[in-house]
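Step one of this worksheet: look at the structure below.
The values are calculated or read from the model by the stated rules, or taken from the named source; none is laboratory data. A quick note: this is a predicted structure, and the numbers were derived from the prediction, not measured. Don't worry about glycine lacking a Cβ; one is built from the backbone with ideal geometry, like all the others, and counts go over all protein chains shown.
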Amino acid sequence: MPTDAERIKELEEKIKLYESNGSAKLFYSLNRKMNELADLLNKKSLATLDISDKNDKTFERLKISWSEAAVIATAVDTLGKVAGITGDEKSDTEKPIYRKPTTPESIADSVGELAGQRT
């Protein structure tokens, strides 16, 4: 059975998961995967592939990879906008994501009104 100190540390680690910006972390992770995919695609030259060998599935695998590249790129672009990516991974992923809840009052405040009253 864990000690109280160990249990507190474990719970603090779990809380950190909710306090970080998951969208930003996912953005940077997918961005790294896009770079890896680009490197993978650049390693293979289509001119050197033996497409007559029915057992060689390299071309089919590459085709699947580049077909999905646009989907990944769109997801990364959207995540970047949603997460407010600045290019500083440490700052982007560690900043708290909790903000004021969206309410009619908070929306009015953001457009220059105070709970329905023009200021």
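Quick one: would you say residue 47 is assigned to a helix (DSSP H, G or I), modelled with pLDDT of 90 or more and either surrounded by 13 or more Cβ atoms within 10 Å (Cβ to Cβ) or aliphatic (A, V, I, L, M) (or both)? In short, no.
The set of residues in the stretch 34-93 that are within 22 Å of residue 21 (Cβ to Cβ) and among the hydroxyl-bearing types (Ser, Thr, Tyr) comprises 74, 78, 86, 91, 93. For residue 54, are the conditions met, namely being exposed (fewer than 10 other Cβ atoms within 10 Å of the Cβ), at negative phi and either in contact with a Lys or Arg (Cβ under 9 Å, 6 or more places away or on another chain) or modelled with pLDDT of 90 or more (or both)? It is false that residue 54 is exposed (fewer than 10 other Cβ atoms within 10 Å of the Cβ), at negative phi and either in contact with a Lys or Arg (Cβ under 9 Å, 6 or more places away or on another chain) or modelled with pLDDT of 90 or more (or both).
Among the residues of the stretch 28-39, is any closer than 30 Å to residue 95 by Cβ and in contact with an Asp or Glu (Cβ under 8 Å, 6 or more places away or on another chain)? Scanning the stretch 28-39, I find at least one residue that is closer than 30 Å to residue 95 by Cβ and in contact with an Asp or Glu (Cβ under 8 Å, 6 or more places away or on another chain), so the answer is yes.
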